[in-house]
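Working notes, beginning with the structure itself.
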Amino acid sequence: MRVLGVSGSPTKDSNTDALIKAVLSTTGAETEFIKLSEIKVGPCIACMKCVYTNECVINDDFKWLSRKVMEADAIVVGSPTYYGSASAFMKAFIERLYSKRHIKLLMRGKLAATVAVGVAAEKMVAEWMGNSLRAGGMEIVGSMTAKGTPCCFVCGPGETCDYTVWNAYSKELTGMDLGVGEAYKEYLEILPDNVPYAHGSAKFLKSYRSVKDEPPVMAEAERIGKLIRERE
Ligand SMILES: Cc1cc2nc3c(=O)[nH]c(=O)nc-3n(C[C@H](O)[C@H](O)[C@H](O)COP(=O)(O)O)c2cc1C
């Protein structure tokens, strides 16, 4: 059995990468891990030239990557959550798989698993990746999400910036309750001398969150790997 892992996270040794690798290593299969940010896979340009050939005509790394997808019995895709969606790397990769769908539905019967990491909207990302791969004929054997690090916590000025994520989406600034307070309560303690969410000042409870420090999260990735293994 061959299993291909594809990460849409551009961050080195990211949480997304760690979870995909944990799935791969428990499949017991021949595996390969590819980081989309290290190769060139652009978005679909809707030329429709793939309709009868099932081959994308764009001349980039999707040419060899699509062969690896076709040779794999299962693929494990993972993405961080960017603007409530999959990363552009993952979006482009999944768009390009469109070439394998027409007429022959070439990915039919392959197994797939999805991993999404984020702070607030990661479930939507996992669901979107799963639905997209299912539409390509794949069977989703497992799907998981994990909490990652909010980008403002690692950028430097995050603690004082007025437009830091929890402020930019706050009820005070947007007039809508987007659930920011709930999403960030594990990460932040709002200081008593500040109006919550109206100023960018808070105490960081977690500056970097690694899934490797969270055994139940790693165990879930391993469980998904075993589900793939059982299908051999
Ligand atoms: C451009 C950008 C946009 C982001 N947007 C969101 C978002 O909409 N929702 C969210 O939950 N996290 C968002 N994040 C935070 C990432 O999802 C978070 O840092 C995640 O842990 C990254 O996963 P990785 O370390 O595996 O790449 C964003 C990060 C970046 C860089």
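The values are calculated or read from the model by the stated rules, or taken from the named source; none is laboratory data. Remember, predicted model here, so these are calculated numbers, not experimental data. Neighbour counts are summed over all protein chains in view; Cβ atoms, including those assigned to glycine, are modelled from backbone coordinates with ideal geometry.
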### Query
Of the residues that make up segment 19-30, is at least one in a helix (DSSP H, G or I), away from the ligand (no atom under 16 Å from the Cβ) and either buried (at least 18 other Cβ atoms within 10 Å of the Cβ) or not aliphatic (A, V, I, L, M) (or both)?
yes
### Task
Filter segment 141-168 down to the residues that are out of contact with any Ser or Thr (no Cβ under 8 Å at 6 or more places or on another chain) and among the β-branched types (Val, Ile, Thr), then identify the one that is farthest from the ligand (Cβ to nearest atom).
Val141
### Query
Taking the stated definitions as given, is Arg223 of a type in the set (Lys, Arg), farther than 22 Å from Gly158 by Cβ and either out of contact with any Asp or Glu (no Cβ under 6 Å at 6 or more places or on another chain) or modelled with pLDDT of 95 or more (or both)?
yes
### Query
Within segment 123-156, which residues are of a type in the set (S, T, N, Q), within 19 Å of Thr11 (Cα to Cα) and at pLDDT 95 or above?
Thr145
### Query
Does segment 100-118 contain any residue that is closer than 27 Å to Cys155 by Cβ, more than 16 Å from the chain's Cα centre (by Cα), part of a loop (DSSP other than H, G, I, E, B) and not aromatic (Phe, Trp, Tyr)?
no
### Task
Give me a count of the residues in segment 80-95 that are near the ligand (Cβ under 8 Å from one of its atoms) and either free of Cβ contacts under 8 Å to residues at least 12 places away in the same chain or more than 14 Å from Val115 (Cβ to Cβ) (or both).
4
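Would you confirm whether any residue within segment 69-76 is free of Cβ contacts under 8 Å to residues at least 60 places away in the same chain and surrounded by 22 or more Cβ atoms within 10 Å (Cβ to Cβ)?
Among the residues of segment 69-76, not one is free of Cβ contacts under 8 Å to residues at least 60 places away in the same chain and surrounded by 22 or more Cβ atoms within 10 Å (Cβ to Cβ), which makes the answer no.
Quick grid of which residues meet (1) surrounded by fewer than 19 Cβ atoms within 10 Å (Cβ to Cβ); (2) assigned by TED's automatic domain parsing to the domain that holds Leu19; (3) over 24 Å from Val51 (Cβ atoms):
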| position | (1), (2), (3) |
| --- | --- |
| Ala88 | yes, yes, yes |
| Arg101 | yes, yes, no |
| Gly109 | yes, yes, no |
| Thr114 | no, yes, yes |
| Lys123 | yes, yes, yes |
| Gly137 | yes, yes, no |
| Met144 | no, yes, yes |
#### Entry: Leu178, sole failed condition from (1) of a type outside the set (Val, Ile, Thr); (2) within 13 Å of the ligand (Cβ to nearest atom); (3) assigned by TED's automatic domain parsing to the domain that holds Ser14
(3)
#### Entry: Subset of segment 31-55 that is away from the ligand (no atom under 16 Å from the Cβ) and of a type in the set (A, V, I, L, M) - its residue that is surrounded by the most Cβ atoms within 10 Å (Cβ to Cβ)
Val41
